[in-house]
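Here's the structure we're looking at; comments come further down.
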Amino acid sequence: MRRCPMCGNENEEDAKVCSQCGRNLKEQEEDVEEVSDFPAVDEIETEEASTRALQILKKGAGSTVLHVAIFLYMLMVIYNIASLVLDEMIFFKIITLVQRIMEETMTLPAGVLSEISEKVFSVSNFAALFILLPEVLCFLGMAMYTLSASHMTEPSKDTGGLTLIQIAVFIELIFYLTIGFVIMGIFVVSMVREWEMGILNSESLTVYLALLGAALVVILLVLFYEIGVIRTIRSLKYTMRTGNPNEDISGYVIFMNFVMSIMVLVFSFLAIPYTEVEGFIVSAMGTLVTILLTSGLIWYRNKLRQLVGRI
């Protein structure tokens, strides 16, 4: 049966006009077809969410917090480059400090750490490249990102700044994993030498195994951290390219950023007698940069989650 929209009278299915009020039932079908041409409600909401996601991205990229973080990071890069030119890079001072602590607290065979340290310093330029190159790429990437994203009005394929940061993360990951496995190698070599000399007892073996386990845990923490950073960058790139909200910002990265900031600040303060005051100042600047960037990520993730929750 076909119901008349005017009087509600039930008509035959093939009726063209209402038998009670004479309403043209054919016009009703045309009206329905015209209405069906309009976009569905969910399509409108998706389009609004896309626009809103770009607005959030744009606001975050143009924020004072990010600009201050980039400025401080630039000062750190300039300082580290100058330190490299003067052969006074803080990294190598820290290596010397760690070597001294290990020699005083561990029963390593004489000369083991010295041999390794000499090899590290013999390739200091190569090592410094792996330290400074990611910093330079990160600075350039952040600067390019804030310039492009803060002026976005529609989705764009221009995510070059984020790509540079991704490359920097990969280089850092390779460097830190290499350092971690080198340290594990030091423990293994020392343990084998003590075993060959017949001085390896159960207590020493337990210490070495504990150190190897701790080194492995640190390597895994670094690996998961860098993967989380890559995930976060991919989320930003996805939103820039499509305009669609993606709140896949790693909570592990946010947590570890605060933990590492506190650890670096405390360690730098304790190392002032060995690295001088400027080393602490640079480390404090690095800590502030990390905190600012992390605060921005928290704001961005919360905004996108609120947006996704309303879709």
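The values are calculated or read from the model by the stated rules, or taken from the named source; none is laboratory data. Only a predicted model underlies this, so the values are computations on that prediction, with no experimental measurement involved. When we count neighbours, we look across all protein chains shown, and the Cβ atoms used for this are built from the backbone with ideal geometry, even at glycine.
Just a few scattered comments:
- Residue match in the range 221-239 (condition: farther than 30 Å from ILE56 by Cα and part of a helix (DSSP H, G or I)): yes
- For MET240, the conditions (1) touching a Ser or Thr at 6+ places or on another chain (Cβ under 6 Å); (2) within 28 Å of TYR79 (Cβ to Cβ) all hold with the exception of (2).
- Just one of the listed residues (THR178, THR146) is loosely packed, with under 15 Cβ neighbours inside 10 Å and in a helix (DSSP H, G or I), namely THR178.
- Verdict on TYR208 being under 19 Å from the mean Cα position of the chain (by Cα), over 30 Å from LYS59 (Cβ atoms) and either surrounded by 17 or more Cβ atoms within 10 Å (Cβ to Cβ) or among the hydroxyl-bearing types (Ser, Thr, Tyr) (or both): no
- Unmet requirement for ASN246, which otherwise passes all of (1) touching a Phe, Trp or Tyr at 6+ places or on another chain (Cβ under 6 Å); (2) assigned to a helix (DSSP H, G or I); (3) at pLDDT below 90: (2)
- ILE165 at pLDDT 85 or above and touching a Cys at 6+ places or on another chain (Cβ under 7 Å): yes
- Among the residues listed as MET191, MET184, the single one being surrounded by 15 or more Cβ atoms within 10 Å (Cβ to Cβ), in contact with a Ser or Thr (Cβ under 8 Å, 6 or more places away or on another chain) and more than 30 Å from GLY296 (Cβ to Cβ): MET191
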